[in-house]
Amino acid sequence: MVAMMACSLLFAACGDDGVDKGGNNGGGTTEQPEDITFSAQIDEVSLTSATYSVTPSDLEAEYLVFFHDAKSVEQCDIDAEIVTMLYDEVRTYAEANDTTFEAFLADKVKRGVVERAVIDNLNPGTNYYLLIFGVDSSNGFATTTVDVTKKRFSTEAPEQSTCTFELKSTVNLTTVALKVTPSNNDQLWHLINVTVEDYQKYTAADGAYGWTKDEYFQNYLNTEIETLKEQGLSNDEIGVKLFHKGLRTLNDSGLSPKTKYASFVAAVDYADGAAYVTSSLKELRYTSGEAAQSDLAFDIDVYNVGHYSAEVRITPSDLDAEYYYYIGYIDSAKKSMKPVEIANAAITEYIYYWENYTELKLREPSKGVVDLTGDNSVELNIAETEYFIVAFSFEPNPTYGTILEETGDYDANPGTITSAPVYVSFKTSEQGDPMAATFEFSASDIGPYDFSLDIKTSDPTVYYQPGVAYADSFDPQAAINASAGNLSMLYQMTMEGQNPCLTFHEALETRLKDYYRNGDRTYYIANLDPEKSFIGYVLVIDPETHTFVNCVYSDVIATTKKLGSVTPTAEILGYYNGNDENGSVFGDADATAGRSIVAVKFSNIENATAVYSALSSDAYADVVGLADRYIHSEFRNYWQPIESFTAPYHFYVADWDLSQTVVAYALDANGDEGNICKLEAYPTGTPDDISELIGYAEEVRNAKPAMAKSMVIAETVEPSMQCIWSENVPAPRAAEVTYHEVEPLKSVESDLVRVKVIKSFRL
């Protein structure tokens with residue numbers, strides 16, 4: 001069933017004397033005169049309509065007329081909130097109907113006198129407001145009047161029926177038969193069937209609508225009528241489709257599986273395309289069953305399987321059907337699984353996912369042919385490993401992951417597979433010869449304490465341990481000996497403690513990737529001493545023996561720079577209250593609310609070309625006691641340049657009553673980094689005068705900008721030699737693809753008729 005989107009606002013139709021204009025986005029107040037007033041009155045009221053008249057003080061002025069339920073209007077404290085509410089509803093309505101805010105309002109703007117205009121489709125026995133305000137259609141429909149003219153009125157209440165109802169449900173999978181037994185067989189009645197979730201969305205006391213049960217039913221009924229009118233049905237045809245007499249059983253199919261539903265039935269009066277409720281509602285709640293099953297089938301083609309890629313094409317038997325597919329690797333748990341078990345594992349591993357680790361979400365299903373070929377081929381991350389593709393149709397469970405009201409238990413049912421899963425497995429190509437792989441080493445962004453190490457390899461399938469060493473003391477055999485024990489220990493711990501059936505490649509990629517990598521990589525090397533020369537190296541791993549079998553190393557690729565000649569000093573100018581700043585200086589009140597703003601001035605920077613600073617907020621770290629090389633690497637993602645040397649200030653948002661540390665360094669004329677200055681910041685006590693902060697910030701804005709940091713050109717060095725050799729490794733094995741037999745699901749049939757109710761916004 002299509003979810004109901006209901007809009008409680010009603011636009012007054014344009015009369016013959018109205019002039020309509022377009023606009024932009026609305027919501028502001030224009031510079032036009034604010035002395036326009038409106039004389040308005042409600043002339044007549046019926047059960048579902050009202051007649052009104054409006055006379056503006058300026059007959060050339062543009063204005064809008066709305067009708068809105070009184071409850072929502074009276075929740076607004078000021079008239080500007082009323083306009084905002086109305087415009088927000090207009091935008092929502094316009095978007096839902098594939099139009100724009102401007103286009104929707106274009107023919108609603110009025111000028112001049114409106115006499116005895118009629119508004120229909122009101123709810124009986126309901127309080128409303130007639131709302132009028134001036135607008136400028138050429139200026140985004142901004143308001144031209146400060147006040148909104150309001151006239152409160154109530155529609156007539158209908159005569160109530162004494163008819164009562166019995167309501168029973170019979171659930172079969174995702175269909176339901178709803179039996180209605182009225183006490184009066186001559187009484188016209190109407191039935192709606194909705195999810196409890198949808199019903200509660202509109203009736204929650206703290207929600208956007210806050211409707212009562214009766215209001216929800218009436219608005220739902222109005223929506224159905226308007227939708228059928230838009231489909232071209234006459235008033236008589238609508239009456240036959242929606243309203244009934246006597247004992248009837250109505251069927252609804254296509255329900256969401258394992259979902260709570262609410263059914264409501266009430267007596268109604270219907271005439272001339274308008275209906276209203278005349279009795280109390282009878283309510284029934286039930287839960288739908290498992291999803292109905294389909295005969296959807298799939299052709300899955302897998303070809304051009306390499307070490308880290310494969311081409312896949314999935315073709316469903318019904319190109320309009322929605323389905324899911326999943327590509328993963330076959331771990332030890334999946335080796336003995338049947339296709340339907342693989343599909344069930346895919347549901348929780350892929351189809352459902354956590355948004356920001358807090359919200360359980362469902363991925364969008366696929367439709368039609370999925371073509372993962374050419375530039376769109378599947379990227380895989382492990383060579384010599386079995387992968388699988390599984391495709392199936394699936395009905396999700398909307399309450400999965402929630403607490404069930406009936407039992408108080410966690411709903412662990414994700415949903416139901418509704419077609420026989422099609423399952424194809426394949427194995428990626430074998431890793432290349434670790435002895436044949438070559439490596440290139442280069443360094444960039446060289447400073448006194450760090451540099452970036454770039455490693456390029458001829459074979460992306462070969463795993464290795466990267467490293468750097470002092471150029472004057474590197475021993476390749478000693479490097480292998482020192483690391484061999486750690487490789488053996490980590491692999492054994494992985495196999496024994498987590499998954500004893502992992503392949504060595506799976507262990508490297510999924511469990512040990514913090515230690516051993518493959519392919520081209522860039523590594524940040526830090527905590528070094530100045531003016532030291534380094535080589536780069538890799539220890540190459542043989543997957544057959546699970547040992548290092550080769551060491552490749554370079555000549556000198558980097559000599560860390562000498563320390564620069566400039567060491568800045570810092571002083572605290574003051575601690576200022578973020579609540580006093582309130583966004584006036586930095587433009588983000590939320591960022592400074594409840595916190596301190598620390599203003600720092602740097603000096604001794606006359607010979608500097610750039611100054612970078614940061615603030616430590618770690619209460620447990622002795623930043624002052626750390627060596628400069630550690631500080632530089634720990635703050636590498638947080639260094640911020642000062643804006644100006646003529647106004648050498650920097651501002652930090654900090655916590656009150658917490659000792660923190662300001663750190664900074666400078667570049668001299670040669671671009672060399674100097675020693676790091678450290679200064680304790682302890683925001684406490686009475687905040688300093690906020691006007692001081694405003695003055696410092698203004699100095700920065702008016703000052704000339706500081707010079708940019710110089711770029712470091714990468715230095716590339718060819719590798720020098722290979723030092724450890726082993727026996728030749730056999731030629732790699734080609735990829736393998738296996739198409740598994742399809743095991744059909746148990747067939748479930750239903751002869752119930754599906755009833756689809758389309759619900760939309762109403763005007």
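Legend: ranking of residues E384, E224 from fewest to most surrounding C-beta atoms inside 10 Å; resulting order E384, E224. Using R0 = 45 Å, the C-beta based FRET efficiency linking D331 and C76 works out to 0.20. For the range 165-287, what class follows from the C-alpha gyration tensor (a ≥ b ≥ c being the square roots of its eigenvalues): rounded when a/c is under 1.5, otherwise prolate if a/b is larger than b/c, else oblate? Here the range 165-287 falls in the rounded category.
For the range 569-702, what does the alpha-carbon gyration tensor say about shape, rounded, prolate or oblate, given a ≥ b ≥ c as the root eigenvalues, a/c under 1.5 as rounded, and a/b over b/c as prolate?
Working: a/c = 2.11, a/b = 1.30, b/c = 1.62.
Oblate, since a/c reaches 1.5 and b/c is not below a/b.
Determine the distance separating the Cα centre of the range 361-394 from the Cα centre of the range 232-281; give it in Å without decimals. That distance is 44 Å. Peptides 522-532, 258-268 ranked from most to least packed, by the mean per-residue count of other Cβ atoms within 10 Å: 258-268, 522-532. On full extension, the segment bounded by I403 and E95 gains 107.5 nm, given 0.36 nm per residue less the C-alpha separation. Label-to-label distance, N675 versus E571, with points set 7 angstrom from Cα along the beta-carbon direction: 2.0 nm.
Need one word for the range 35-125: rounded, prolate or oblate. Basis is the Cα gyration tensor (sqrt eigenvalues a ≥ b ≥ c); a/c below 1.5 gives rounded, then a/b vs b/c decides. Here the range 35-125 falls in the rounded category. Packing, as the average of other Cβ atoms within 10 Å across residues, places the peptides 95-105, 386-396 in the order 386-396, 95-105, highest first.
Taking other C-beta atoms within 10 Å as the exposure proxy, S183, S483 rank S183, S483 from fewest upward.
Please work out the FRET efficiency for the pair T212 and D588, using the Cβ-Cβ distance as r and a Förster radius of 41 Å; give the result to the nearest 0.05. FRET efficiency, T212 to D588: 0.50. Label-to-label distance for V45 and N579 is 4.7 nm, based on points extended 7 Å past Cα in the beta-carbon direction. Extension gain for E341-V624 works out to 96.2 nm (0.36 nm per residue, less the C-alpha to C-alpha distance). Label-to-label distance, S366 versus A157, with points set 7 angstrom from Cα along the beta-carbon direction: 5.9 nm. Extension gain, V737 to T55: 0.36 nm times the residue separation minus the Cα-Cα distance gives 237.6 nm.
Values in this text are rule-based calculations from the coordinates and carry no lab data. Predicted model, so just to flag it, every value in this text is computed and none were measured. Heads up, the Cβs are rebuilt from the backbone with ideal geometry, glycines too, and the neighbour counts pull from every protein chain shown.
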